[in-house]
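The values are calculated or read from the model by the stated rules, or taken from the named source; none is laboratory data. A quick note: this is a predicted structure, and the numbers were derived from the prediction, not measured. Glycine also receives a Cβ, built like all others from the backbone with ideal geometry; neighbour counts cover every protein chain displayed.
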Ligand SMILES: NC(=O)c1ccc[n+]([C@@H]2O[C@H](COP(=O)([O-])OP(=O)(O)OC[C@H]3O[C@@H](n4cnc5c(N)ncnc54)[C@H](OP(=O)(O)O)[C@@H]3O)[C@@H](O)[C@H]2O)c1
């Protein structure tokens, strides 16, 4: 039985793969970089003795989920755990980015994630128990000037996951959505997060190992919605009770 993890070449996805390998799941790792995937696959096989295969592909391309599913079927892999983790953000004014740049992010963070769920659901339902773990973000809990699209894609992930969990309540498939806060990964480099925002996050940043362990435990416990870390939970609560104009001003102040 395989666990398929997107964005498994580094960061949170790599650590989720390791957590699942510790629990003796065979693994399918997906990301763009073949060389990094090969390294991670070797490391996990050596340390945990599970089977690991990988597919290097760009999940922001249209029909990426269909291509992944085809490859899985051709290899006759039976997937019982689907982890949709690959995603990224880009900091800056909405107008700074081209239509194509914005579309890439929306494709990866939302469209491929949704289509992965859709493509793999029939296979997941054939198991007596199966799991979907979708990675959103603490930015799902408020509008975020300077990361407008990213935060909007993540509230999509959160609400889609919750609704899907409800629809599947009488099925063998459990859906969990985890919303990490600042985590020490390459995310910040790719997003080009300004120094001021990185500094603000320094005191609360979590390790990808800690986030991965909380995520995998929550998934197997059948939890619906999880925010790792007390400060991140508090942040989401404050964003919920505070007037939106204030939370948006505070967030914008950190990023400007
Ligand atoms: N780090 C944070 O502060 C933070 C906070 C909240 C939520 N998150 C979420 O956590 C998830 C994991 O992020 P991370 O922090 O671990 O970032 P990361 O270290 O940058 O890892 C991202 C992973 O996704 C893969 N990926 C990126 N673009 C891809 C594409 N187009 N097609 C296929 N794979 C792609 C990357 O591999 P390649 O580059 O080789 O493709 C890598 O394996 C994301 O959904 C992110 O939004 C992160």
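Computed values, structure above
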{"quantity": "Some residue of the stretch 74-85 being at positive phi and assigned to a helix (DSSP H, G or I)", "calculated": "no"}
{"quantity": "Test: residue 118 is surrounded by fewer than 18 Cβ atoms within 10 Å (Cβ to Cβ), touching a residue at least 12 places away in the same chain (Cβ under 8 Å) and farther than 12 Å from residue 156 by Cα", "calculated": "yes"}
{"quantity": "Unmet criterion (only one of (1) assigned to a helix (DSSP H, G or I); (2) closer than 27 Å to residue 41 by Cα; (3) in contact with a helix residue (DSSP H, G or I) (Cβ under 9 Å, 6 or more places away or on another chain)) for residue 140", "calculated": "(2)"}
{"quantity": "Yes/no for residue 169 being out of contact with any helix residue (DSSP H, G or I) (no Cβ under 9 Å at 6 or more places or on another chain), crowded, with 17+ Cβ neighbours inside 10 Å, within 17 Å of residue 124 (Cβ to Cβ) and at pLDDT 95 or above", "calculated": "no"}
{"quantity": "Options 239, 200, 252; residue that is crowded, with 18+ Cβ neighbours inside 10 Å, at pLDDT below 95 and over 30 Å from residue 129 (Cβ atoms)", "calculated": "239"}
{"quantity": "Test: residue in the stretch 170-190 that is without any contact (Cβ under 8 Å) to a residue 24 or more places away in the chain and within 8 Å of the ligand (Cβ to nearest atom)", "calculated": "yes"}
{"quantity": "For residue 89: the one exception among (1) within 15 Å of the ligand (Cβ to nearest atom); (2) out of contact with any strand residue (DSSP E or B) (no Cβ under 9 Å at 6 or more places or on another chain); (3) in a helix (DSSP H, G or I)", "calculated": "(3)"}
{"quantity": "Number of the exception - residue 247 against (1) touching a residue at least 40 places away in the same chain (Cβ under 8 Å); (2) part of a helix (DSSP H, G or I); (3) in contact with a helix residue (DSSP H, G or I) (Cβ under 9 Å, 6 or more places away or on another chain); (4) closer than 27 Å to residue 122 by Cβ", "calculated": "(4)"}
{"quantity": "Candidate set: the stretch 152-205, residues that are within 13 Å of the chain's Cα centre (by Cα) and part of a helix (DSSP H, G or I); chosen: the one farthest from residue 136 (Cα to Cα)", "calculated": "187"}
